[in-house]
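Here's the structure we're looking at; comments come further down.
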Amino acid sequence: MRDASPARRRLLLIRGLGHSGTTILDMALGAHPLLVGLGEAARILERPDAGEEHRGPAQLRHGLRFERRCTCGAVAAECPVWGPLLEWLPGHDDRPLAEKTLRLLDAVQRIHPEAQWAVDSYQDDMVLPLLDDPELDIRIVHLTRDVRSWVHSRSRDGQRRGQWLPGLKPLLRWCRVNARQGYRLQASGRPIYRLGYEQLALDPERSLQRLCDWLEVPFDRKMLEPAQHSSSHILSGNRMRFDAKRGASIRYDGAWLYQPAGLAQMALLLPWVARLNRRLVYSDD
């Protein structure tokens, strides 16, 4: 196993389209004694744009940090990892994201000196993968959900509203965002592990064992029960992080299997869509 010296921070980025299992994977990794989950950390660290004063990341710099609870159990202002950083951010929001990230990782090292990896799961960030910082060892897990499952999940609201072809916009989004992310992540030059949500949810033990091998840490069975063993510090992410029942294990939502074939199923007749789905979801490499 490679030495993780304090001088070199190790950051694992989970990237992929939203609603593809990034939160449950973050929680599972955070249940490992050598990893610390940070949720959508980059989303909090980025300087809020004008007009975003009402959103969570901006509010966490002010009163919300005394109300929102971290998954470690403390309110944000008293969280040993996030508390001091949220107090520091308002006066230093002009600093680069890389500097803020290193400051956060320093806090993780102080509170969890045994940790070998910190995990960020903000899907929309494309800045951190491109950082060229000698102090950062960055690896990326590109997590993708099967096009049929994802489109079915995201088209439910449109179906309830009686939209015509409710799966069309989700289908186009799945194709556009996953193709673009795959290309940009590959171009970053960082080590990338492609993982399908279906593989993770249907065979979590084997999937997490292979991922641990790639991260050079031993597999720990606590990862299979994320909510019971989490040592994460997640302030921003899917609300399921506080749902003990949903976070008790990694389970697959196979509702789409019982529905009539839709646009996504027909889209797989297009060779490039089928290749993209197969490469991102079922390659596990």
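The values are calculated or read from the model by the stated rules, or taken from the named source; none is laboratory data. All values derive from a computational prediction rather than experimental measurement. As a convention, Cβ positions derive from the backbone with ideal geometry for all residues, glycine included, and neighbour counts pool all protein chains shown.
Summary table below
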{"item": "Residue satisfying condition, being surrounded by fewer than 15 Cβ atoms within 10 Å (Cβ to Cβ) and not in a helix (DSSP H, G or I), within set Asp124, Asp137", "result": "Asp124"}
{"item": "Qualifying positions in the stretch 167-193 - in contact (Cβ under 8 Å) with a residue 40 or more places away in the chain and either more than 21 Å from Gln265 (Cα to Cα) or of a type in the set (S, T, N, Q) (or both)", "result": "Asn178, Gln181, Gly182, Arg184, Leu185, Ser188, Arg190, Pro191, Ile192, Tyr193"}
{"item": "Of all residues in the stretch 244-259 being within 19 Å of the chain's Cα centre (by Cα) and exposed (fewer than 12 other Cβ atoms within 10 Å of the Cβ), the one that is modelled with the highest pLDDT", "result": "Arg251"}
{"item": "Hits in the stretch 39-82 (condition: in a loop (DSSP other than H, G, I, E, B), out of contact with any helix residue (DSSP H, G or I) (no Cβ under 7 Å at 6 or more places or on another chain) and either small (Gly, Ala, Ser) or more than 11 Å from Ser236 (Cβ to Cβ) (or both))", "result": "Arg47, Asp49, Ala50, Gly51, Glu53, His54, His62, Glu67, Cys72, Gly73, Ala74, Cys79"}
{"item": "Pair list, Cβ < 6 Å and 6+ apart or interchain, from the stretch 260-277 residues that are at pLDDT below 95 to residues that are assigned to a loop (DSSP other than H, G, I, E, B) and among the small types (Gly, Ala, Ser)", "result": "Gly262/Gly167; Leu263/Gly167"}
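Conditions tested, residue by residue: (1) free of Cβ contacts under 8 Å to residues at least 40 places away in the same chain; (2) among the hydroxyl-bearing types (Ser, Thr, Tyr); (3) surrounded by fewer than 21 Cβ atoms within 10 Å (Cβ to Cβ); (4) in contact with a Phe, Trp or Tyr (Cβ under 9 Å, 6 or more places away or on another chain).
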| position | (1), (2), (3), (4) |
| --- | --- |
| Val119 | no, no, no, no |
| Ser149 | no, yes, no, yes |
| Asp157 | yes, no, yes, no |
| Leu195 | no, no, no, no |
